[in-house]
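The values are calculated or read from the model by the stated rules, or taken from the named source; none is laboratory data. Remember, it's a predicted structure, so these values are computed and weren't measured experimentally. Note: ideal-geometry Cβ built from the backbone for every residue, glycine included; neighbour counts use all protein chains shown. Only protein heavy atoms, including side chains, enter the accessible area calculation; ligands, DNA and RNA are left aside. Shrake-Rupley method; radii C 1.70, N 1.55, O 1.52, S 1.80 Å.
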Amino acid sequence: MDVQSSEEFAELRRSHRSFAFPLTVAFIAWYLLYVLLSNYAGGFMGTKVVGNVNIAFVFGLAQFLTTFLIAWWYSRHAAARIDPKAEAIKERLEGDA
């Protein structure tokens, strides 16, 4: 394909991968930390923070928070860096047709 071998498309892929891959690895590491601490550090995870709220509960809520934060951050990244490049490629392709 002509499009896939173009420099524009390569830059689009780089923009996506340079954001998505490191963030995915970081989130998976954060999730695995939570799972490992839950399994092997029960005393630590059971430590009370406030009232009946313990560290495990705080970490669990933080998992949800980071999921939404990553989605919001990716949305901003895509709108600023990925979508304009994809739109330019699309317009070029439609112009050639």
Carbon + sulfur, % of accessible area of region 1-77 - ligands and nucleic acids excluded, 1.4 Å: 71
Two-decimal log10 I(q)/I(0) for region 34-91, as the Debye equation yields it once each C-alpha is a single scatterer, q = 0.21, 0.30, 0.31 Å⁻¹: -0.80, -1.07, -1.10
Test item: Cα-centred dipole of region 1-84, Lys/Arg +1 and Asp/Glu -1 on Cβ, debye: 400
Probe 1.4 Å - accessible area at Leu36, Å² to nearest ten: 90
Helical segments meeting 27 Å axial Cα length and Kyte-Doolittle -0.5 threshold in the chain (DSSP H): 7-40, 55-77
Pairwise centroid distance, computed over Cα atoms, of region 53-76 with region 20-39, Å: 12
Mean accessible surface per residue for region 38-89, computed with a 1.4 Å probe while every protein chain stays in place, in Å²: 71
Mean separation of Cα contacts under 8 Å (6+ apart) over length of the chain, as relative contact order %: 35
